[in-house]
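Novice: Take this structure first; my questions come after.
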Amino acid sequence: MYENEINRRRTFAIISHPDAGKTTLTEKLLLFGGAIHIAGAVKSNKIKKTATSDWMEIEKQRGISVATSVMGFEYRGFKINILDTPGHQDFAEDTFRTLTAVDSVIIVVDAAKGVETQTRRLMQVCTMRKTPVMIFVNKMDREGKSPFDLLDELEAELGIHVRPLSWPINMGMKFKGVYNIYQDKLNLYTPNKQRVSETVAVDLDSEELDKMVGSDNAGQLRTDIELINGVYDPFCVQDYLEAKIAPVFFGSALNTFGVNELLDCFVDIAPAPLPVESNERKVEPHEAGFSGFVFKIHANMDPNHRSCIAFVKICSGKFERNTPYRHIRLDKMLKFTAPTCFMAQKKETVDEAFAGDIVGLPDTGNFKIGDTLTSGETLHFKGLPSFSPEMFKYIENADPMKTKQLQKGLDQLMGEGVAQLFTHQANNRKIIGTVGQLQFEVIEYRLLHEYGAQCRWQPIPLFKACWIESDNEAQLKEFIHRKANYMAKDKDGRDVFLAESNYLLQMAQNDFSDIRFHFTSEF
């Protein structure tokens with residue numbers, strides 16, 4: 001029905017460990033797509049342009065990404081949607097949720113550091129969801145591990161077969177360029193942050209190659225390519241789509257090198273929007289009826305208007321402005337007059353969007369993460385968890401004159417899924433639970449700068465928060481009564497048990513066998 005529009009969509013996330021160069025790579029992809037005309041050197045203070053995708057004030061100050069940004073651009077007739085995710089582990093939850101909204105993933109690996117912890121964890125999510133993965137080995141213009149060692153490490157650490165589709169000629173100070181195996185072309189390296197280096201078609205056996213890169217480098221390249229063709233099976237697109245093999249590209253994102261090869265190959269082979277599982281049935285992208293789910297909510301994208309935006313991944317059909325759609329959880333029809341699409345913080349109103357696209361819907365409190373919108377059919381998309389927090393603090397109002405502002409700020413920030421809010425049943429105090437320490441700083445910073453509210457933290461020694469439910473009403477009642485000092489409610493009013501230690505949690509599980517303890521809020 002909307003076959004052509006949907007087939008030309010490519011929606012993917014860029015993930016990596018912090019500092020591997022993920023945001024820089026996003027910038028350069030946007031540069032090729034003509035979406036931006038000068039790339040902001042993310043860490044350089046000389047250029048006062050900060051990276052397009054890091055637009056929150058705190059991100060500009062620290063030079064890290066703390067929220068997933070969504071950006072779209074056109075390239076070679078394809079509509080590309082990039083989701084740039086936070087690399088910092090304290091924001092892993094935001095990244096896990098983003099992975100539910102994409103059809104494929106590009107992993108960025110630092111050539112010197114190889115595979116790092118965060119990359120491993122994110123790869124597990126991709127493996128679990130069978131998401132096709134491409135790997136970009138970044139920072140080849142610095143000294144790093146040998147390319148063959150890196151390939152072995154990628155296979156061992158990420159648990160996936162790899163196949164190089166480009167190959168570096170030397171590295172560090174002697175870096176000469178990349179041979180594009182996928183297109184049989186040679187890319188000669190000239191360090192330049194804004195311009196693209198030259199590409200030449202070259203025969204590996206020709207003398208031309210020796211002249212361009214020197215006979216030692218040319219000899220080494222011939223040996224390497226022969227070895228690659230001997231060791232690795234020929235590249236098969238189907239294996240990539242089934243997440244059995246990951247193509248590997250080498251380059252330097254900061255110097256805009258090797259990025260074009262990655263992008264060209266990506267639009268050729270990456271999957272168009274894929275079917276999405278719902279609790280009721282499998283939803284195909286080409287269906288006529290519209291459906292989509294909220295995977296992220298962001299407050300204050302525009303500091304002048306205190307507004308929230310719900311990011312919706314369209315799973316099937318076509319979304320149209322001013323058309324009423326059914327909000328499944330609230331069972332009511334909602335109409336959107338100003339849906340937007342993004343170029344990081346710059347938004348444009350859209351009249352229509354198709355399966356694979358991400359649209360932003362202004363939210364006045366109707367949405368929660370995981371909500372479904374459809375043309376009418378009852379669907380519930382699955383796999384959008386909130387994880388049990390591992391760090392807890394009481395949050396207190398530091399300025400009694402600003403109680404309302406603090407309350408509003410907390411409501412909106414918790415709606416984003418930045419952290420979780422629990423209300424202690426014994427003393428009615430509010431507890432914030434997070435996955436990492438950095439989130440407390442971000443909450444405090446944003447409450448002050450976006451809502452004018454000041455907060456104080458007080459530590460609380462807790463081991464885990466777990467959601468509880470049971471078919472045995474009497475036992476549930478007794479549990480809540482006996483554990484009254486350790487009970488809280490989450491923001492949706494569900495019962496949460498705050499265990500002070502692993503031992504107390506195990507005791508509770510043994511003593512109350514009919515109660516189910518959940519460590520993610522999705523059950």
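Novice: Residues of the range 244-271 being open to solvent by 10 Å² or more (accessible area, probe 1.4 Å) and out of contact with any helix residue (DSSP H, G or I) (no Cβ under 7 Å at 6 or more places or on another chain), which ones?
Specialist: LYS244, ASN255, GLU261, ASP264, ASP268
Novice: Further question: With the requirement that a residue be at pLDDT 80 or above, out of contact with any helix residue (DSSP H, G or I) (no Cβ under 8 Å at 6 or more places or on another chain) and not in a helix (DSSP H, G or I), what does the range 405-427 give you?
Specialist: PHE422, THR423, HIS424, ASN427 - these are the residues of the range 405-427 that are at pLDDT 80 or above, out of contact with any helix residue (DSSP H, G or I) (no Cβ under 8 Å at 6 or more places or on another chain) and not in a helix (DSSP H, G or I).
Novice: Something else about it: Run ASN510 past the list (1) touching a Gly at 6+ places or on another chain (Cβ under 7 Å); (2) among the polar types (S, T, N, Q); (3) farther than 30 Å from THR364 by Cβ and report the number of the one that doesn't hold.
Specialist: Answer for ASN510: the failing condition is (1).
Novice: Let me ask something else about it. How many of the residues making up the range 17-42 are at pLDDT 75 or above, on the phi < 0 side of the Ramachandran plot and either part of a strand (DSSP E or B) or open to solvent by less than 20 Å² (accessible area, probe 1.4 Å) (or both)?
Specialist: Adding up the residues that qualify gives 8.
Novice: Could I ask something else about it? Looking at (1) crowded, with 21+ Cβ neighbours inside 10 Å; (2) touching a helix residue (DSSP H, G or I) at 6+ places or on another chain (Cβ under 7 Å); (3) within 24 Å of PHE367 (Cα to Cα), find the lone condition where ASP495 falls short.
Specialist: Of the numbered conditions (1) crowded, with 21+ Cβ neighbours inside 10 Å; (2) touching a helix residue (DSSP H, G or I) at 6+ places or on another chain (Cβ under 7 Å); (3) within 24 Å of PHE367 (Cα to Cα), the odd one out for ASP495 is (1).
Novice: Within the range 121-151, restricting attention to residues that are among the hydroxyl-bearing types (Ser, Thr, Tyr) and within 17 Å of ILE245 (Cα to Cα), which residue is least open to solvent (accessible area, probe 1.4 Å)?
Specialist: Applying the filter and picking the extreme gives THR131.
Novice: When the range 201-217 is examined, which residues are found to be in contact (Cβ under 8 Å) with a residue 12 or more places away in the chain, closer than 12 Å to LYS176 by Cα and of a type outside the set (S, T, N, Q)?
Specialist: LEU209, MET212, VAL213, GLY214 - these are the residues of the range 201-217 that are in contact (Cβ under 8 Å) with a residue 12 or more places away in the chain, closer than 12 Å to LYS176 by Cα and of a type outside the set (S, T, N, Q).
Novice: Out of (1) touching a helix residue (DSSP H, G or I) at 6+ places or on another chain (Cβ under 8 Å); (2) β-branched (Val, Ile, Thr); (3) modelled with pLDDT of 85 or more, what's the single condition that is false for VAL213?
Specialist: Single failed check for VAL213: (3).
Novice: Here is a follow-up. I'd like to check which strands (runs of 3 or more DSSP E) are fully inside the range 133-242 and have at least 1 residues that are of a type in the set (Phe, Trp, Tyr).
Specialist: Per the criteria, 133-138, 166-169, 177-180.
Novice: So is PHE463 closer than 19 Å to ALA499 by Cα and open to solvent by 40 Å² or more (accessible area, probe 1.4 Å) or not?
Specialist: yes
Novice: Now for a separate question. Determine if the range 72-88 includes at least one residue that is at pLDDT below 55 and under 16 Å from ALA20 (Cβ atoms).
Specialist: yes
Novice: Considering every residue within the range 469-481, establish whether at least one is closer than 25 Å to HIS298 by Cα and either open to solvent by less than 80 Å² (accessible area, probe 1.4 Å) or not in a strand (DSSP E or B) (or both).
Specialist: Checking the range 469-481: not a single residue is closer than 25 Å to HIS298 by Cα and either open to solvent by less than 80 Å² (accessible area, probe 1.4 Å) or not in a strand (DSSP E or B) (or both).
Novice: List pairs: first residue in the range 266-284 and basic (Lys, Arg), second residue open to solvent by less than 80 Å² (accessible area, probe 1.4 Å) anywhere in the structure, Cβ distance under 6 angstrom, at least six positions apart or on different chains.
Specialist: Within 6 Å, the pairs are LYS282/PRO275.
Novice: Grab the strands (runs of 3 or more DSSP E) fully contained in the range 308-404, keeping just those with 1 or more residues being of a type in the set (A, V, I, L, M), loosely packed, with under 14 Cβ neighbours inside 10 Å and at pLDDT 90 or above.
Specialist: Result: 332-335.
Novice: Restricting the range 152-169 to residues that are out of contact with any helix residue (DSSP H, G or I) (no Cβ under 7 Å at 6 or more places or on another chain), more than 10 Å from ALA246 (Cα to Cα) and of a type in the set (Asp, Glu), which is most open to solvent (accessible area, probe 1.4 Å)?
Specialist: Ranking the qualifying residues of the range 152-169, first place goes to ASP152.
Novice: Would you check if CYS265 is under 30 Å from LEU406 (Cα atoms) and of a type outside the set (Val, Ile, Thr)?
Specialist: It is false that CYS265 is under 30 Å from LEU406 (Cα atoms) and of a type outside the set (Val, Ile, Thr).
Novice: Take the residues in the range 272-293 that are open to solvent by less than 60 Å² (accessible area, probe 1.4 Å) and of a type in the set (S, T, N, Q); name whichever of them is farthest from HIS380 (Cα to Cα).
Specialist: That would be SER291.
Novice: Considering (1) crowded, with 24+ Cβ neighbours inside 10 Å; (2) within 22 Å of PRO247 (Cβ to Cβ); (3) modelled with pLDDT under 75, say which one GLN118 fails and leave the rest.
Specialist: Result: GLN118 passes all but (1).
Here's the yes/no breakdown for (1) in contact with a helix residue (DSSP H, G or I) (Cβ under 7 Å, 6 or more places away or on another chain); (2) at pLDDT below 90; (3) not basic (Lys, Arg):
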position: ARG429; (1), (2), (3): no, no, no
position: LEU438; (1), (2), (3): yes, yes, yes
position: GLU441; (1), (2), (3): no, yes, yes
position: GLN454; (1), (2), (3): yes, no, yes
position: PRO461; (1), (2), (3): no, yes, yes
position: PHE479; (1), (2), (3): no, no, yes
position: LYS489; (1), (2), (3): no, no, no
position: ASN502; (1), (2), (3): no, yes, yes
position: GLU522; (1), (2), (3): no, yes, yes
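The values are calculated or read from the model by the stated rules, or taken from the named source; none is laboratory data. The model shown is predicted, which means the values in this text are computed figures rather than measured ones. So basically every Cβ, Gly included, is an ideal-geometry build from the backbone, and we count neighbours across all protein chains shown. Ligands, DNA and RNA are stripped out before the accessible areas are found, and what is left, the full protein with its side chains, is counted by its heavy atoms. Shrake-Rupley method; radii C 1.70, N 1.55, O 1.52, S 1.80 Å.
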